[in-house]
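Visitor: Pasting in a structure now, in structure tokens, and then I'll have a few things to ask.
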Amino acid sequence: CSLLQGSTDLVGEHVLITAGPTHEPIDPVRYIANRSSGKMGLELARAARDRGANVTLIAGPIELPIPAGIETIHVQTASQMHNAAVKAFGCSTIAILAAAVADYTPSAPSDHKLKKAVDPIDSIPLIQTQDILAELSSNKEDRIVIGFAAETNDVVDYAEAKLKRKGCDAIVANDVSRSDAGFGSSNNRAWWVTSSSVDDLGLLEKRALADEILSRSLLFKTNLK
Ligand code: CTP
Ligand code: CA
């Protein structure tokens, strides 16, 4: 149970959250995806709702149930997630991009199911997707923009590089190499990385991490005023 239950500190905030993987079509029945369950994004949406925020959730294909009372835009691909996020960003005050967006998408998906006897392939041409976090960060004005970094090694170093490259306010760095945290797990081993500090948040349940991220985002906002 959270100490913040019953709190209304996010009343007046409009929190945009991206969650889950994206599916990039190869043909109508096959796609490229990743291991994200969407759990972290859903916990962020639930926590923000419980604390009084107006929440817009942009959800990739997620198997888990979406919490009630949350405006949800369902998308499949990185391109659809990009378009929905850009649209929703205008009226957001805090954006937390927890989705595991595909970095590459097939450049020319087939409009029919590929048949191995007819359309033999030995490679799939790919193009890079748009970086939603970098794009929103470059237009952030007085909004707070938070990104995630799921890493298997050199977790904090990579997160610091990502913070600089993307221009967001903070990166939540996760160690996904462990068996007790990360993709599909209820826990995350996380660090809060900003341009001025690296805070070790330890091993936390995703709901507790969600509350920590929201509190730190709000603090950022207050400090900027
Ligand atoms: N992200 C995004 N759009 C993309 C790729 C990533 O918005 N096309 C966001 C993720 O939601 C996350 C952050 O950027 O908040 C970092 O994602 P990550 O995959 O760790 O970073 P990349 O820059 O894609 O680097 P790499 O995968 O090579 O580590
Ligand atoms: Ca990536």
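Visitor: Tell me, please, whether a residue that is in contact with a helix residue (DSSP H, G or I) (Cβ under 7 Å, 6 or more places away or on another chain) and in a loop (DSSP other than H, G, I, E, B) can be found in segment 23-44.
Guide: No.
Visitor: In this structure, is N187 out of contact with any Asp or Glu (no Cβ under 8 Å at 6 or more places or on another chain) and over 26 Å from V86 (Cβ atoms)?
Guide: no
Visitor: Also, I was wondering about something else. If you scan segment 161-190, which residues turn out to be within 22 Å of S215 (Cβ to Cβ) and either among the acidic types (D, E) or in contact with a His (Cβ under 6 Å, 6 or more places away or on another chain) (or both)?
Guide: D169, D175, listed by residue number.
Visitor: Search segment 90-117 for residues that are under 17 Å from P25 (Cα atoms) and pair each with any residue that is hydroxyl-bearing (S, T, Y) and more than 10 Å from ligand 1 (Cβ to nearest atom) when their beta-carbon atoms are under 7 Å apart and the residues are at least 6 apart or on different chains.
Guide: Sorted first by the residue in segment 90-117, then by its partner, the pairs are T105/T77.
Visitor: Is one or more of the residues making up segment 33-49 over 21 Å from N187 (Cβ atoms) and either away from ligand 2 (no atom under 16 Å from the Cβ) or crowded, with 24+ Cβ neighbours inside 10 Å (or both)?
Guide: The answer is yes, given that some residue of segment 33-49 is over 21 Å from N187 (Cβ atoms) and either away from ligand 2 (no atom under 16 Å from the Cβ) or crowded, with 24+ Cβ neighbours inside 10 Å (or both).
This table checks each residue for (1) within 16 Å of ligand 2 (Cβ to nearest atom); (2) at pLDDT below 95; (3) more than 30 Å from V172 (Cα to Cα).
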residue	(1), (2), (3)
A108	no, no, yes
D111	no, no, yes
L126	yes, no, no
A134	yes, no, no
I144	no, no, no
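Visitor: So E24 ticks every box in (1) surrounded by fewer than 19 Cβ atoms within 10 Å (Cβ to Cβ); (2) within 14 Å of ligand 1 (Cβ to nearest atom); (3) among the acidic types (D, E) but one. Which box is left unticked?
Guide: (1)
Visitor: From the list D200, D175, D180, exactly one residue is in contact with a strand residue (DSSP E or B) (Cβ under 8 Å, 6 or more places away or on another chain) and without any contact (Cβ under 8 Å) to a residue 12 or more places away in the chain. Which is it?
Guide: Selected residue: D200, the only one of D200, D175, D180 that is in contact with a strand residue (DSSP E or B) (Cβ under 8 Å, 6 or more places away or on another chain) and without any contact (Cβ under 8 Å) to a residue 12 or more places away in the chain.
Visitor: Report whether or not A78 is under 27 Å from H112 (Cβ atoms) and of a type in the set (A, V, I, L, M).
Guide: For A78, the condition - under 27 Å from H112 (Cβ atoms) and of a type in the set (A, V, I, L, M) - is met.
The values are calculated or read from the model by the stated rules, or taken from the named source; none is laboratory data. Computed from a predicted structure; not experimentally measured. We place every Cβ from the backbone using ideal geometry, glycine too, and count neighbours over all the protein chains shown.
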